[in-house]
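Right, one structure below, let's go through it.
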Amino acid sequence: MKAPLLTLNDGNLRPAVGIGTYQIRGGEGLSQLQAAIADGYRLIDSSTNYDNEGIVGKAIRRSGIPRSEFYITSKLPGKYHGYDDALTSIQESLARMGLDYFDAFLIHWPLPKRGKYVEAWQALVTAQKLGLIRSIGVSNFEPEHLDAIIEATGVTPALNQIEIHPYWVQERMVAENKKRGIVTEAWSPLGRGSDALKEPLITELAEKYQKSAGQIILRWHVDRGILPLPKSRNLAHQRENLAIFDFELTEDEINQINQLNKEDGRIDGQDPNEYEEFE
């Protein structure tokens, strides 16, 4: 099973669902990624800070599937926001993965207190021109951060990967991304822990559509125009997370799930205007 493809604002394609790899590491992580690839995943989302770029690359090479069929993402850590450091970091990430290019590369956090994210973005623009990256994007950027990098370079990110789940719905940011022609990706799309999966509304919809609670939440993302990146070490759940394209939620059901939003719904309280990523 494979996910349908979306077209980004730079003309590149991207599967409508991918697999997140946060905390997927080592030999066990390699086996989990190999299984995910066998099940049809082609979009694999990693980060320098996940300390797993090596096994992601190894899983790709061991799959026997042509590199051109994969969509591989990594992210720039805050300590490398300087222009020269960012360019070097991208090259090191490629070397760790054993790849010639990334399909997408993102600035992991804006870190506005440091004020170097525009410089980091300029480095990504250069790396794209050098052929090191197909699509460039950002993660956890607010509207003012997006406008600053667009104004400085004339280049709009293809992607903005942000925290979205039923307790943190992010209607404002999804609309802001759409206004700028940016595809929204969701990290932790199911939330962490199982509370959202146990919500009566979610379980009722799961029964109605004969799907799992996780599939209902992932379909809620897709029906909102969001690309979810669920992480799972469970092979059955990995397969379920891909099997979300044979049904649709109604607009009313989407709105009902939106009402689960909480004022303090962020998983770890990571406000992009305040969060400091020191690695």
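Readers should treat all values here as calculations from the given coordinates under stated rules, not as data from a laboratory. What you see is a predicted model, and the numbers here were worked out from it, not measured in a lab. Cβ atoms come from the backbone with ideal geometry, glycine included; neighbour counts cover every protein chain shown.
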Extent of segment 102-216 along each principal axis, from alpha carbon coordinates, in Å, largest to smallest? 49, 29, 25
Cα centroids of segment 227-279 and segment 14-29: how far apart, whole angstrom? 15 Å
Distance in nm between label sites at Leu201 and Asp252, each 7 Å beyond Cα in the beta-carbon direction? 1.4 nm
Given +1 on the Cβ of Lys and Arg, -1 on the Cβ of Asp and Glu, and no further charges, what dipole in debye does the chain carry about its Cα centre, rounded to the nearest 20? 960 debye
Using Cα positions and a limit of under 14 Å, work out the aspartates and glutamates in reach of Lys211, with same-chain residues fewer than 8 apart set aside. Glu240, Asp246, Glu248
Obtain the nm distance between the two label points defined at Leu6 and Asp100 by a simple spin-label model: each point lies 7 Å from its Cα along the Cα-to-C-beta direction. 2.8 nm
How much mean residue ellipticity at 222 nm does the chain get from its helices, if each DSSP H run of length 4 or more adds -39500 (n - 2.57) and you divide by all residues, to the nearest 500 deg cm²/dmol? -12000 deg cm²/dmol
DSSP bridge orientation in the chain - percent antiparallel, rounded to nearest 5: 15 percent
Divide the volume of the convex hull of the Cα atoms of the chain by its number of residues and quote the answer in cubic angstrom per residue. 118 Å³
Which entries of Lys179/Lys262; Lys198/Lys262; Lys2/Lys75; Lys116/Lys231; Lys79/Lys178; Lys208/Lys262 show an alpha-carbon separation above 27 angstrom in the structure shown? Lys116/Lys231; Lys79/Lys178
Of the convex hull drawn through the C-alpha atoms of segment 142-273, the volume per residue in Å³ is 116 Å³
Against the rule of thumb 2.2 N^0.38 Å, how large the Cα Rg of segment 15-104 comes out: 1.04
